[in-house]
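One structure is given below, encoded as structure tokens.
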Amino acid sequence: MRPEDILLPTPAGVYCKIGGFHIDPTRPVDKAMITHGHSDHARAGHGAVLATQETLDLMRLRYGETYALSTQAVRYGETVTLGGARVTFYPAGHVLGSAQIAIEANGLRIAASGDYKTVVDPTCVAFELVPCNVFITEATFGLPVFRHGNADAEIAKLLRSVALFPDRAHLVGAYSLGKAQRVMALIRKTGYDQPIYLHGAMEKITRYYESRGIDLGRFELARAANKAELAGTITLCPPSTLKDLWSRRFPDPVTCFASGWMRVRARARQHHVHWSVTHGLQARPLDIIGYGDEDEPGDVSENSNLAAMS
């Protein structure tokens, strides 16, 4: 059996012919397997959705109770049979509930990574190496320019700035699912015990992380504090709010953006940030190369408009 007899690209996304399902489809389909809750992978409107419980919960928070006609939760390591395909979910280490999806049929095993990272993250289950014949890897940060800094060192820069400018607020732009919570956990790791303020758009997801036993320390909504109270504090917010009217409530804010994209200078200039926290939620070039070295798969293909390599 050839890999293309199991998975092939379609207008709706990657499709498993023998199982009758799509992986992270880009439009509504009858059966969808979702790797994680980010909106470029998890969309509303499918007939049936199979994902981890955390991903299903996060989709419900984002899209409402009727985001799919039916849902089924799967645990890491659990195998589900659909048609002629045996499907197993493995931790991806990307965000809470993120999974790699391994599909096996007639002795051939393909692993589709979704987004993943191999560095330690206290807010989600660590990445697990999946033995396979073919590995389909996301390669958002697959180019050599994306050599992300050490996360602890990046957070140390932030805290030095907070200490240096006690009369100014520090605004950290971060995506509301995964990145914001990881930044909070990294800040707490240093022993910082002051309240961390949040934009209201981050509250539901952050409280969900807390409900799953992830300790992020004390956090409060920025809208509940007055301007004077926000001096010397750290506030996490969606990147888009760094430049809008919302940010004017803060005293002389120092702005930064926690994103792997900040390795591209034009991106950093575009967001008009004072400085960037350049650690990512996704695999870097060495992670992708290292996966092939460790697992010795028959084929590695990159999913980011880059040419496949084998």
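I want to confirm something. Restricting to region 153-171 and keeping residues that are in a helix (DSSP H, G or I) and in contact (Cβ under 8 Å) with a residue 12 or more places away in the chain, which single residue is surrounded by the fewest Cβ atoms within 10 Å (Cβ to Cβ)?
Checked region 153-171; the qualifying residue surrounded by the fewest Cβ atoms within 10 Å (Cβ to Cβ) is ALA156.
So that you can scan it fast, the table gives a plain yes or no per residue for (1) at pLDDT 95 or above; (2) in contact with a strand residue (DSSP E or B) (Cβ under 8 Å, 6 or more places away or on another chain); (3) within 23 Å of THR123 (Cβ to Cβ):
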position: GLY19; (1), (2), (3): yes, yes, no
position: HIS22; (1), (2), (3): yes, yes, no
position: THR52; (1), (2), (3): yes, yes, yes
position: LEU61; (1), (2), (3): yes, no, yes
position: ALA68; (1), (2), (3): yes, yes, no
position: ALA73; (1), (2), (3): yes, yes, yes
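Pull up region 134-178, narrow it to residues that are of a type in the set (Asp, Glu) and out of contact with any strand residue (DSSP E or B) (no Cβ under 7 Å at 6 or more places or on another chain), then point me to the one that is modelled with the highest pLDDT. Explain how you work it out, then say what you get.
Taking region 134-178 as the starting set, the residues that turn out to be of a type in the set (Asp, Glu) are 138, 152, 154, 167.
Pick out the ones that are also out of contact with any strand residue (DSSP E or B) (no Cβ under 7 Å at 6 or more places or on another chain) and you get 152, 167.
Numbers: ASP152: 90, ASP167: 98.
The selected residue is ASP167.
Here is a yes/no grid of residues against (1) among the hydroxyl-bearing types (Ser, Thr, Tyr); (2) more than 23 Å from VAL29 (Cα to Cα):
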position	(1), (2)
THR66	yes, no
ALA73	no, no
GLY77	no, yes
VAL80	no, no
VAL87	no, no
VAL95	no, yes
VAL120	no, yes
VAL125	no, yes
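Considering only residues of region 241-253 that are touching a strand residue (DSSP E or B) at 6+ places or on another chain (Cβ under 8 Å) and assigned to a loop (DSSP other than H, G, I, E, B), which is surrounded by the most Cβ atoms within 10 Å (Cβ to Cβ)?
Initial filter on region 241-253 (touching a strand residue (DSSP E or B) at 6+ places or on another chain (Cβ under 8 Å)): 241-242, 246-247, 250, 253.
Narrowing the set further to residues that are assigned to a loop (DSSP other than H, G, I, E, B) leaves 250, 253.
Working: PHE250: 22, PRO253: 18.
Filtering first and then ranking leaves PHE250.
Going by the conditions given, is ALA92 free of Cβ contacts under 8 Å to residues at least 60 places away in the same chain and of a type in the set (A, V, I, L, M, F, W, C)?
On the way: free of Cβ contacts under 8 Å to residues at least 60 places away in the same chain: yes; of a type in the set (A, V, I, L, M, F, W, C): yes.
Against the criterion (free of Cβ contacts under 8 Å to residues at least 60 places away in the same chain and of a type in the set (A, V, I, L, M, F, W, C)), ALA92 qualifies.
Could you list, in sequence order, the residues of region 204-240 that are under 23 Å from MET59 (Cα atoms) and part of a helix (DSSP H, G or I)?
LYS204, ILE205, THR206, ARG207, TYR208, TYR209, GLU210, SER211, PRO239, SER240
Looking at the structure I just gave you, is ALA32 touching a Pro at 6+ places or on another chain (Cβ under 9 Å), aliphatic (A, V, I, L, M) and in a strand (DSSP E or B)?
Values: touching a Pro at 6+ places or on another chain (Cβ under 9 Å): yes; aliphatic (A, V, I, L, M): yes; in a strand (DSSP E or B): yes.
Here the answer is yes, as ALA32 does meet what is asked.
Quick one: ARG27 ticks every box in (1) farther than 25 Å from GLU128 by Cβ; (2) not hydroxyl-bearing (Ser, Thr, Tyr); (3) not in a loop (DSSP other than H, G, I, E, B) except a single one, so which number is it?
ARG27 satisfies every listed condition except (3).
Checking ALA126 against (1) farther than 25 Å from MET33 by Cβ; (2) assigned to a loop (DSSP other than H, G, I, E, B), which single condition isn't satisfied?
(1)
Kindly list the number of the only condition in (1) without any contact (Cβ under 8 Å) to a residue 12 or more places away in the chain; (2) in contact with a Lys or Arg (Cβ under 9 Å, 6 or more places away or on another chain) that fails for LYS204.
So LYS204 meets the others, but not (1).
Scan region 204-217 residue by residue and report those that are of a type in the set (Gly, Ala, Ser) and either within 18 Å of VAL125 (Cβ to Cβ) or buried (at least 16 other Cβ atoms within 10 Å of the Cβ) (or both).
Within region 204-217, SER211, GLY213 meet the criteria.
Specify the residue that is surrounded by the fewest Cβ atoms within 10 Å (Cβ to Cβ); the eligible residues are those in region 52-85 that are hydrophobic (A, V, I, L, M, F, W, C) and over 15 Å from the mean Cα position of the chain (by Cα). Even if it seems obvious, please write down each step before you answer.
Our first condition is that a residue be hydrophobic (A, V, I, L, M, F, W, C); within region 52-85, this holds for 56, 58-59, 61, 68-69, 73-74, 80, 82, 85.
Remaining after also requiring over 15 Å from the mean Cα position of the chain (by Cα): 61, 68-69, 73-74, 80, 82, 85.
Details: LEU61: 15, ALA68: 23, LEU69: 11, ALA73: 16, VAL74: 20, VAL80: 14, LEU82: 16, ALA85: 20.
That would be LEU69.
Looking at (1) part of a helix (DSSP H, G or I); (2) surrounded by 23 or more Cβ atoms within 10 Å (Cβ to Cβ); (3) among the aliphatic types (A, V, I, L, M), can you tell me which one ALA201 breaks?
Result: ALA201 fails condition (2) only.
Only one of (1) touching a helix residue (DSSP H, G or I) at 6+ places or on another chain (Cβ under 9 Å); (2) crowded, with 16+ Cβ neighbours inside 10 Å fails for ASN106. Which number is that?
(2) is the only condition that ASN106 fails.
Find the residue count for region 1-22, including only residues that are part of a strand (DSSP E or B) and either free of Cβ contacts under 8 Å to residues at least 12 places away in the same chain or not assigned by TED's automatic domain parsing to the domain that holds HIS36 (or both).
3
In the set ALA185, ALA174, which member is in contact with a helix residue (DSSP H, G or I) (Cβ under 8 Å, 6 or more places away or on another chain), farther than 16 Å from PHE250 by Cα and in contact (Cβ under 8 Å) with a residue 24 or more places away in the chain?
None of the others qualify; the one that does is ALA174.
The values are calculated or read from the model by the stated rules, or taken from the named source; none is laboratory data. As the structure is a computational prediction, the values presented were derived from the model and not from experiment. Counting neighbours? That spans all protein chains shown, and the Cβs are built from the backbone with ideal geometry, glycine included.
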